[in-house]
Amino acid sequence: MPSKVFSDRLLAVLSDDLRPQAAQRLAAAEPVLRRLLAGLYGERADFDAWLGDLMESLGALYAARPAELRALDAKRAAQPEWFLSQRMLGYCAYVQNFGGDLNGVAARIPYLRELGVSYLHLLPFLRPREGENDGGFAVSSFDEVDPALGSNADLDALTAQLRTAGISLCSDFILNHVADDHAWALAAKAGDAGARAMFHVFPDRAMPDRYERTLGQVFPQVAPGNFSFVEALDGWAWTTFYPYQWDLNYANPAVFAEMAAALLRLANRGIEVFRLDSTAFLWKREGTNSMNQPEAHQLLQALRAIVDIVAPGVLLKAEAIVPTRELPAYLGSAAAPECHIAYHSSLMAAGWVALAEQDTGMLREVIRNTPALPAAATWLSYVRCHDDIGWNVLRAEASADGSDSAARLARVARFFSGAEGSYATGAAFQSTDPNAAHGSNGMAASLTGLQSAATEEERALALRRMLLLHGLALSFGALPVLYMGDELAMENDYSYLHRPQHAMDSRWLQRPVFDQQRWKHRYDVSTVPGAMHQALAKLVRIRSRHAALAANAPRALLADAPEGMLALARGARFLTLMNFSGQPQRFTLQGEWRECVAEQATSGTLVLEPYAMYWLERE
Ligand code: GLC
């Protein structure tokens, strides 16, 4: 059918004043959308009718988009690189831990502004499953705020207040699975065939066993295997994560249409960025690990085309914790844009490796493997998040120098669990093989040695290590996101061990409640939280003044730095020197420079103390 037929279905729903702009956006994105969806679902006899209905539902969501958000769309469409600025800074927190509830988060907006935050990622706050719910990652309704955290009206009020403060709200959009008490799951359990078809359900073990031959495991110890027998279904449901998180079947076009609409309804509430959870797993294919499949990318590109039509001010962020070489695809290309932002988990993990090994070889390899990105796209850089630091994304880089990558990464993992005389106080996350590299958990302060520090000197070193990793995230050329508590050097939270439902999942170690006492000390540099907070805030301020540190400004590694150091040039006028080792390192500067933190002119040969960092601008 001609393109016009589908575009007309969308346009027909709109009022006269909205139609011209919608027609323009459709002209740009509808052919792309149709091609992608035809690639995924075009074989079906009802494809045209389905696509027509989808377009009509998009029209209704377009019509429902509030005028204020439409104005934001227009502003951002005129400036598509707005989020690449060196003034962008993210902050990530659990609602309940940061503010108690959504209103409590709103009360912390002045604190976020003071820190320079312009992007707030609140971890899952939609109605989760009753009982254990993987920190909210098992969603039972995409249309309701978790009643424990507030109401939909509170969410609307929060997005409005954040917008006024110049902060974009980012929400998880958990699109790979829903909770086993989501309406679709309940209907499927009650025998509704349409609802059952939203999931991958198998009558016996035949297919699950075939798939399992090549699948990995995300939670091998607490949730082994990828399929769970569900009595009410009299069958096996695909459950990549916990058994109560049922994977959606994107081979069914109804799933795509429903999820796209759910995302846009949230966008119409003022959510400006969606963290697309577990994107790597969206498409299953026998004989593979069912990760990073081409169809997963087509789905994400189709979602992007839909956002570009209905809510072009909205950003999509890919959470794909996959090897470096698989990452760029999540940002797409100029011809086929996908997400706007992708987590650079390899960079994050390699920063920690550099600390453990006191050598920047693997980190440099990651940076060398990090390609230039299409316009209006960026990496997300970070030091920590709510999940484990997964070492296995670094397998390729870990063997680049001829090392046995598994043994090398396992050593790093052991280092952060405190073995081998290490200063780190972390916990090993799960792995199938005790000799393989498991993930590591712990707050940044604990992993960098603050928790075990017994002397002033050890505390000072821990602080430097923390600043070093933050300095990397802030100066790399990305959208940096701080993790709640790290700015105050908060340490591990062991309370999870007393909660039976969490005790087996050590990711809770790094999910503490915001420490009000530390916060009160944030200006007092004689305290650890104050020293961390002030030093970090200073880096943030310096960064915001230097266009050379924008996400899309050039970046180059200087090869002449010693192995314990990283020298990262940002154009010809900015240079970051980072010593990841416990030994002093020397570096000779060409020309006259000014160190931005100490605010001092400098030149010639510099000696960097253990774990020291210099941010230099050319005089
Ligand atoms: C993502 C989340 C993680 C969660 C998983 C399943 O990886 O970051 O916390 O357990 O998805 O939703």
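Tell me yes or no: at least one residue of the stretch 152-171 is surrounded by 21 or more Cβ atoms within 10 Å (Cβ to Cβ), within 14 Å of the ligand (Cβ to nearest atom) and either modelled with pLDDT of 95 or more or not basic (K, R) (or both). The answer is yes, given that some residue of the stretch 152-171 is surrounded by 21 or more Cβ atoms within 10 Å (Cβ to Cβ), within 14 Å of the ligand (Cβ to nearest atom) and either modelled with pLDDT of 95 or more or not basic (K, R) (or both). Restricting the first member to the stretch 285-313 and to residues that are free of Cβ contacts under 8 Å to residues at least 40 places away in the same chain, and the second to residues that are surrounded by 20 or more Cβ atoms within 10 Å (Cβ to Cβ) and assigned to a helix (DSSP H, G or I), the beta-carbon pairs closer than 6 Å and six or more apart or on different chains are N292/A280. Quick one: how many residues across the stretch 490-521 are under 21 Å from the mean Cα position of the chain (by Cα) and small (G, A, S)? Residues that pass the stated criteria total 1. Do you know which residues across the stretch 549-585 are touching a residue at least 40 places away in the same chain (Cβ under 8 Å) and acidic (D, E)? Within the stretch 549-585, just E563 meets the criteria.
Of all residues in the stretch 226-248, those being over 21 Å from L126 (Cα atoms) and either of a type in the set (S, T, N, Q) or buried (at least 22 other Cβ atoms within 10 Å of the Cβ) (or both) number 6. Go through (1) more than 16 Å from the chain's Cα centre (by Cα); (2) farther than 12 Å from L175 by Cβ for A296 and report which single condition fails. Going through the list (1) more than 16 Å from the chain's Cα centre (by Cα); (2) farther than 12 Å from L175 by Cβ, A296 breaks only (2).
Mind checking whether some residue in the stretch 206-224 is of a type in the set (A, V, I, L, M, F, W, C), crowded, with 20+ Cβ neighbours inside 10 Å, in contact with a strand residue (DSSP E or B) (Cβ under 7 Å, 6 or more places away or on another chain) and more than 20 Å from E295 (Cβ to Cβ)? The answer is no; no qualifying residue exists.
Scanning the stretch 179-196 for residues that are under 16 Å from F229 (Cα atoms) and outside any helix (DSSP H, G or I) yields a count of 5. The set of residues in the stretch 380-413 that are within 16 Å of the ligand (Cβ to nearest atom), under 20 Å from G216 (Cβ atoms) and β-branched (V, I, T) comprises I389, V393. For first residues located in the stretch 230-258 and under 21 Å from T279 (Cβ atoms) and assigned to a helix (DSSP H, G or I), partners that are within 16 Å of the ligand (Cβ to nearest atom) and not hydroxyl-bearing (S, T, Y) and lie 6+ apart or on another chain with Cβ distances below 6 Å form the pairs V255/L248.
When A296, A232, A305 are checked against the criterion of being modelled with pLDDT of 95 or more, within 16 Å of the ligand (Cβ to nearest atom) and either in contact with a helix residue (DSSP H, G or I) (Cβ under 9 Å, 6 or more places away or on another chain) or closer than 30 Å to A67 by Cα (or both), A296 stands alone in meeting it. Just one of (1) under 28 Å from G90 (Cβ atoms); (2) touching a residue at least 60 places away in the same chain (Cβ under 8 Å) fails for G361. It is (1). From the list R511, R518, the one residue that fits, being among the charged types (D, E, K, R), within 16 Å of the ligand (Cβ to nearest atom) and more than 30 Å from F574 (Cα to Cα), is R511.
For A559, the conditions (1) modelled with pLDDT under 95; (2) crowded, with 21+ Cβ neighbours inside 10 Å; (3) of a type in the set (A, V, I, L, M) all hold with the exception of (2).
Considering only residues in the stretch 182-194 that are surrounded by fewer than 19 Cβ atoms within 10 Å (Cβ to Cβ) and in contact (Cβ under 8 Å) with a residue 12 or more places away in the chain, the one that is farthest from the chain's Cα centre (by Cα) turns out to be A190. Scanning the stretch 335-376 for residues that are more than 14 Å from the chain's Cα centre (by Cα), surrounded by 24 or more Cβ atoms within 10 Å (Cβ to Cβ) and either aromatic (F, W, Y) or part of a loop (DSSP other than H, G, I, E, B) (or both) yields E338, W352, T360. In the stretch 163-176, the residues that are farther than 17 Å from L300 by Cα reach residues that are within 10 Å of the ligand (Cβ to nearest atom) with C-beta atoms within less than 9 angstrom, at least six apart or across chains, in these pairs: C170/R275.
Identify the single condition in (1) surrounded by 19 or more Cβ atoms within 10 Å (Cβ to Cβ); (2) closer than 30 Å to A160 by Cβ that N292 does not satisfy, given that it satisfies every other one. Looking at each condition in turn, N292 falls short on (2). Only residues in the stretch 411-437 that are modelled with pLDDT under 95 count as the first member; pair them with residues that are surrounded by fewer than 19 Cβ atoms within 10 Å (Cβ to Cβ) and of a type in the set (V, I, T), Cβ under 8 angstrom, at least 6 apart or cross-chain, and list the lot. Every condition considered, the pairs that remain are Q430/V222. For the stretch 95-118, check the following and say yes or no: at least one residue is without any contact (Cβ under 8 Å) to a residue 40 or more places away in the chain and closer than 18 Å to F274 by Cα. No, because not a single residue in the stretch 95-118 is without any contact (Cβ under 8 Å) to a residue 40 or more places away in the chain and closer than 18 Å to F274 by Cα.
Scan the stretch 184-225 for residues that are farther than 26 Å from A262 by Cα and either touching a helix residue (DSSP H, G or I) at 6+ places or on another chain (Cβ under 8 Å) or aromatic (F, W, Y) (or both) and jot them down. Across the stretch 184-225, the qualifying residues are F202, Y211, F219, G225. Considering the stretch 235-275, the residues that are within 16 Å of the ligand (Cβ to nearest atom) and in contact with a Leu (Cβ under 6 Å, 6 or more places away or on another chain) include one that is farthest from A63 (Cα to Cα), namely Y250. When residues of the stretch 80-89 are filtered for being assigned to a loop (DSSP other than H, G, I, E, B) and closer than 29 Å to G136 by Cβ, how many remain? Total satisfying the criteria: 2.
The values are calculated or read from the model by the stated rules, or taken from the named source; none is laboratory data. Owing to the predicted nature of the structure, the values given are computational and were not obtained by experimental measurement. Note that we place each Cβ from the backbone using ideal geometry, even for glycine, and neighbour counts take in every protein chain shown.
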